[in-house]
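Notes follow once the structure below has been shown.
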Amino acid sequence: MRPAHALIDLNALRHNYLLAKSLSGQGALAVIKANAYGHGAVHCAEALSEVADGFAVACIEEALELRAAGVSKPILLLEGWFEADELPLLVEHQLWAVVHHQAQLEQLEAAHIASPLHIWLKLDTGMHRVGFSPAEYADVWHSLERSSKVASLTKMTHFARADEPETGRTEEQLAVFADATADLSGPASLCNSPGVLAWPAAHGDWLRPGIMLYGATPFSFSQAQAELLQPVMQLESRIIAVRELPAGEPIGYGSRYITQRPTRVGVVAMGYADGYPRHAKDGTPVLVDGQRSQLIGRVSMDMLTVDLTELPGSGLGSAVRLWGEGLNASEVAAWADSIPYQLFCNLNRVPRRYIG
Ligand SMILES: *Cc1c(COP(=O)(O)O)cnc(C)c1O
């Protein structure tokens, strides 16, 4: 059997969720969109079912998968509904919905639904992706307040640069939020993971932690709270071949890497078809038997090559960890001009094994 696999530690997932909650004491929706960032949405929801206040996903398809698996906690659709015919299903399955666009207001008013919906009304405080402008927000809020289709209203916005505290941008977004919602009474939700970890003043009533649940830091620098996260996914495989090359020999496709010295090369059963980033550069850290080694040569579909010259005790069959304990996915992502979010979401082919 091919040794590549992703080991998912559900105890670590619970630990990270409870860390988010402990930082604010408020409610927290565990964001498990995109198959829980590649970790398996149903497994993650079940693992969190005792502790989580609820969940958030990107669309009704993701929510219905959870409901079909028996997940009964609240589920928020982060972009609400895309087409009006979803509305009766939202009611039937008790899904909460973000409303971010004029077209959704019209669809809601025209809808024939058996009971009113819990709405999170999105304010665009400067991300400029989705949400109502500060100028129109209060009017929309009041019209929904009067609507018989609305059971409750929550104020909501999203940060563009909460992972870059020095930019001043989050303070600006917070000021816009405070100003536009000053006269509106209702719970507020602002924080993604970097907001949860680094912006306690912004916590409001509902947190929306995503990447931190999976134990990857959203920051490109060391951050005290993020240090407390536990990696959930161990992406692992083994060395399946070893060869000794003299100096001056190329390795792999395109001969990207040329040996600088006599080199002992280990071939790992892991490639971009598994989700390992093809753009990882020479030097990307890899753990072999728990010790740091590095990627040399281009990542292929099913294999990649690492330098074993400094690890004489390692060889055929040695355990390889691509990310996880001892090697944060954020560090690997930086070597591939990517982010841990994308590394996790791209996970493919490798079987997931669950512990905890
Ligand atoms: C995905 C998402 C989150 C979670 O973001 P992380 O950075 O992964 O914590 C929170 N809020 C919204 C609206 C999202 O789309």
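With the structure loaded, tell me whether LEU228 is open to solvent by less than 30 Å² (accessible area, probe 1.4 Å) and within 16 Å of the ligand (Cβ to nearest atom) or whether it fails that test.
No; evaluated as a whole, the condition is false for this residue.
Residues are listed down the side, and each one gets a yes or a no for (1) small (Gly, Ala, Ser); (2) buried (at least 24 other Cβ atoms within 10 Å of the Cβ); (3) within 14 Å of the ligand (Cβ to nearest atom):
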residue	(1), (2), (3)
PRO187	no, no, no
SER193	yes, yes, yes
ALA198	yes, no, yes
HIS203	no, no, yes
MET212	no, yes, yes
PHE219	no, no, yes
ALA224	yes, no, no
ALA247	yes, no, no
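Failed condition for ALA34, given (1) open to solvent by less than 20 Å² (accessible area, probe 1.4 Å); (2) within 14 Å of the ligand (Cβ to nearest atom); (3) in a helix (DSSP H, G or I), with all others met?
(1)
What about SER22, is it over 30 Å from ALA269 (Cβ atoms), without any contact (Cβ under 8 Å) to a residue 12 or more places away in the chain and either out of contact with any Asp or Glu (no Cβ under 7 Å at 6 or more places or on another chain) or not assigned by TED's automatic domain parsing to the domain that holds LEU123 (or both)?
yes
With respect to ASP179, is the statement that it is open to solvent by 10 Å² or more (accessible area, probe 1.4 Å), under 24 Å from LEU29 (Cα atoms) and in contact (Cβ under 8 Å) with a residue 24 or more places away in the chain true?
Judged against the criteria, ASP179 is not a match.
Residue by residue through segment 73-106, note down the ones that are out of contact with any Asp or Glu (no Cβ under 7 Å at 6 or more places or on another chain), open to solvent by less than 10 Å² (accessible area, probe 1.4 Å) and among the aliphatic types (A, V, I, L, M).
ILE75, LEU76, LEU77, LEU87, LEU90, LEU95, ALA97, VAL99
Quick check: is even one residue across segment 251-260 open to solvent by less than 30 Å² (accessible area, probe 1.4 Å), touching an Asp or Glu at 6+ places or on another chain (Cβ under 8 Å) and either over 30 Å from ALA52 (Cβ atoms) or away from the ligand (no atom under 14 Å from the Cβ) (or both)?
Checking segment 251-260: at least one residue is open to solvent by less than 30 Å² (accessible area, probe 1.4 Å), touching an Asp or Glu at 6+ places or on another chain (Cβ under 8 Å) and either over 30 Å from ALA52 (Cβ atoms) or away from the ligand (no atom under 14 Å from the Cβ) (or both).
Would you confirm whether or not segment 8-20 contains a residue that is within 16 Å of the ligand (Cβ to nearest atom), within 24 Å of ALA198 (Cβ to Cβ) and basic (Lys, Arg)?
Looking for residues that are within 16 Å of the ligand (Cβ to nearest atom), within 24 Å of ALA198 (Cβ to Cβ) and basic (Lys, Arg), one finds none in segment 8-20, hence no.
Any residue that is at pLDDT 95 or above, farther than 28 Å from GLY215 by Cβ and either open to solvent by 20 Å² or more (accessible area, probe 1.4 Å) or part of a loop (DSSP other than H, G, I, E, B) (or both) - is there at least one of those in segment 277-293?
no
Any residue at all in segment 32-40 that is touching a Leu at 6+ places or on another chain (Cβ under 7 Å), in contact (Cβ under 8 Å) with a residue 40 or more places away in the chain and not charged (D, E, K, R)?
Yes, some residue in segment 32-40 is touching a Leu at 6+ places or on another chain (Cβ under 7 Å), in contact (Cβ under 8 Å) with a residue 40 or more places away in the chain and not charged (D, E, K, R).
Scan segment 254-283 for residues that are touching a helix residue (DSSP H, G or I) at 6+ places or on another chain (Cβ under 6 Å) and more than 17 Å from MET233 (Cβ to Cβ) and report the count.
Counting residues in segment 254-283 that are touching a helix residue (DSSP H, G or I) at 6+ places or on another chain (Cβ under 6 Å) and more than 17 Å from MET233 (Cβ to Cβ) gives 2.
Is it fair to say LYS122 is in contact with a Ser or Thr (Cβ under 8 Å, 6 or more places away or on another chain) and open to solvent by 40 Å² or more (accessible area, probe 1.4 Å)?
Against the criterion (in contact with a Ser or Thr (Cβ under 8 Å, 6 or more places away or on another chain) and open to solvent by 40 Å² or more (accessible area, probe 1.4 Å)), LYS122 does not qualify.
Could you say whether any residue in segment 61-68 is in the same structural domain as ALA202 (by TED's automatic domain parsing), closer than 27 Å to PRO134 by Cα and open to solvent by less than 20 Å² (accessible area, probe 1.4 Å)?
no
The values are calculated or read from the model by the stated rules, or taken from the named source; none is laboratory data. Just so it is clear, the model here is predicted, and its values are computed rather than measured. Ideal geometry is used to build each Cβ from the backbone, glycine not excepted, and the neighbour counts take in all protein chains shown. Calculation scope for accessible area: heavy atoms of the full protein, side chains included, ligands and nucleic acids excluded. Shrake-Rupley method; radii C 1.70, N 1.55, O 1.52, S 1.80 Å.
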